[in-house]
1. Restricting attention to the range 243-263, and to residues there that are in a helix (DSSP H, G or I) and not hydrophobic (A, V, I, L, M, F, W, C), which single residue is farthest from Ala211 (Cα to Cα)?
2. Can you give me the number of residues within the range 332-358 that are farther than 17 Å from Ile599 by Cα and touching a helix residue (DSSP H, G or I) at 6+ places or on another chain (Cβ under 7 Å)?
3. Going by what's in this entry, would Asp546 be described as acidic (Asp, Glu), under 23 Å from the mean Cα position of the chain (by Cα) and either surrounded by fewer than 24 Cβ atoms within 10 Å (Cβ to Cβ) or over 29 Å from Arg286 (Cα atoms) (or both)?
4. Pick from the range 347-389 the residues that are under 22 Å from Tyr610 (Cβ atoms) and among the aliphatic types (A, V, I, L, M): which of them is farthest from the chain's Cα centre (by Cα)?
5. Under the condition of being of a type in the set (S, T, N, Q) and surrounded by 14 or more Cβ atoms within 10 Å (Cβ to Cβ), which residue from the range 45-82 is farthest from Phe416 (Cα to Cα)?
6. Could you grab me the full set of residues in the range 272-289 that are outside any helix (DSSP H, G or I) and touching a Lys or Arg at 6+ places or on another chain (Cβ under 8 Å)?
7. Which is in a helix (DSSP H, G or I), of a type in the set (Asp, Glu) and within 30 Å of Ala411 (Cα to Cα), of Glu99, Glu149?
Amino acid sequence: MKTFVRPLLAAVLSIAAVAHADGTGLTRQREQFPVVWELAKRDPTESWIKLAAGLETYPLYPYLGLASLQRRIKDAKPEEAEAFLEAWPDSLPATLLREAFLPELAKRQDWKSYLAIYDDGTKNRELRCNALQGKLALGQKIDFARDFESIWLSAGDMPDACDAAASWARSEGKLTPALIWQRIDLASTKAAHAGVVAALATQLAGADKTAAEHIALALRDPAAALKQAIGWPDTPRSRDAAVIAVERLAKRDADAAAANWDALRAQFHFDKDQQGRALRAIALYRASSYSSDALARLTALPAEFADDATREWRVRSALAAGDFKATLAALDAMPSPQRDDARWRYLRARVLAKLGRKDEAAALFRTLSGEANFFGFLAADQIDAGYTICSTELPSDATAQAAALRDKNLARAFEFFAIDRLAEARREWDFAQGGLDANQRRAAIALAAKQGWIDRPVYAFNQGEDMRLYTLRFPLARKDELLRDAKDGGVEPAWAYAIIRAESAWTTDAKSGANAYGLMQLLPGTAARVAKANGIDYGGASDLFDADTNTKLGTLYLGEVAARFDGSPWLGSAAYNAGPAAVDKWVAARDTLDPDFFIETIPYKETREYVSRVLAFSVIYDWRLNGSTLPISSRLPRIGQAYEPPGDKAARKAVTCPVLPAKIATN
């Protein structure tokens, strides 16, 4: 500890000395705070208190006291916590202190202090259950419906802290078999949580217990459950367990699920809902795994058993088979709200054209061509029309901006951003939003963009009239670097920009659940390989949070996967998202399909939407970079056709807004 603290002490003393001589300006506070913050986190001598002189007016000052309390939370006194909460009410530091200190008070069984600082508005189930335990210990009354029922009726496992409240509820006769089954249904349908169902089964008796155990087995090991089902009674709950097993098995082996279902129908009297669930799952997963009978199964599925997913896959299966009459029939089977989506209107027009009904197709293409999305751009190319992109700017609101600037929570968010603590900045930002009205939130987003926090508007402006805020939604950040990197990678700059926008929305420190890092969401292993092949210095995953390193390696990798597919931007985008091996498999199965039809039949929903999103973003970024754009269809070569990036003399499309944009809404 001493070897760590001494350099920090020296650093902060040096900063403090300069600050004393020059005045405690914001720049000096920004230099001083991180060092004092580290001391508060680690130094048991509390030396940070003296060294924090001059930071009292700094927005992040409460984090020093919070760090000190968190470091010694096991020894902290309730009065210290109460004083902190009183000093910084309605703040994220106060919330973080409660989250750290309340579990400690629960361990101490100091329920009086716990309830004194507990915030009954919290959504944290552990804290809520500890509060109930405290009330029980102090002899206070609990209202089951108000205090515990919503906790009980949750899909996932409950924290251990809820055991006392659950025991009380059982002793009071509140946890009836009906409520237990309600929770089992939630755990099985929403979370597929076999452990929760198995634990709940122990609270039932007789046939109910057995049926719950069957459901737990169906969730945990559907193949084993279906083997055992031959000995199950023909009861509603056992039938439910059998259907759950069929649904889950279908995800990984649709053939086996279909065979088991055929055998089960001779034993069980399934109701319509159960039949629909099983038949839907089998048909759906046979379609997404390219089974030859997928179209027949989906077409034969009774209308009352169909849902949006099966209707969509009926269209895709017909497209994959090249059966345009069947495709049109599948589109006709969609209800109006689903059929009116741009995706299905475009495919209807394409299929009508394939069937020789060109006038009907042209009318649909004309309507669609006025929309600034993937399908609108494709439709415009079909009728050789220009692109419609109506851009507007966010109007200034001085009153809202002034209110946003006065908000202390927002000030902490901006300050964390200024010192490059992005995770903390986002956390404060999210907390601050609850205290702002709609106009103030929009003003805050505009302020963030001006300060270079460009992912805030990208995330926020994603519906309605806000979609027209193209300058904010599609920032041309790091332009010189991106143009250089795209050239080095052999890819078009607009495509590189589109990949960044789709991958990370310009969040430089993004990290995915799949362990992908940074702006272009690179896997560390991929980055290391590309760096080695190109002689680029690379020290490990943390280097990918450096924007320059990330885009340099990312554009090289993008060019690499595109080259594997004849340079094709759309197949390259698919490979960037799903991996080249998956795209190889899809190409081998359906290489004769038109590119737009192929994209629609990609088995992975994420990749289908990713490819269409990246291609649309490429158009928008091309327009933002050049004032006009290459046709989207030029980025869609047929499979096997070599793609050459267009030169300076390539034909480009004009972008216009034929109708004046409506005044952007401010609420």
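The values are calculated or read from the model by the stated rules, or taken from the named source; none is laboratory data. Since the model is a prediction, treat every value here as computed from it, not as a measurement. Cβ: placed from backbone, ideal geometry, glycine included. Neighbour counts: every protein chain shown.
1. Among them, the one singled out is Asp255.
2. 8
3. yes
4. So the residue we want is Ala380.
5. Ser47
6. Within the range 272-289, none qualify.
7. When all the criteria are applied, what remains is Glu99.
Residues are listed down the side, and each one gets a yes or a no for (1) buried (at least 21 other Cβ atoms within 10 Å of the Cβ); (2) touching a Gly at 6+ places or on another chain (Cβ under 9 Å); (3) among the polar types (S, T, N, Q):
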{"position": "Ala225", "(1), (2), (3)": "yes, no, no"}
{"position": "Ala229", "(1), (2), (3)": "yes, no, no"}
{"position": "Lys251", "(1), (2), (3)": "no, no, no"}
{"position": "Ala254", "(1), (2), (3)": "yes, no, no"}
{"position": "Asn260", "(1), (2), (3)": "yes, no, yes"}
{"position": "Ala278", "(1), (2), (3)": "yes, no, no"}
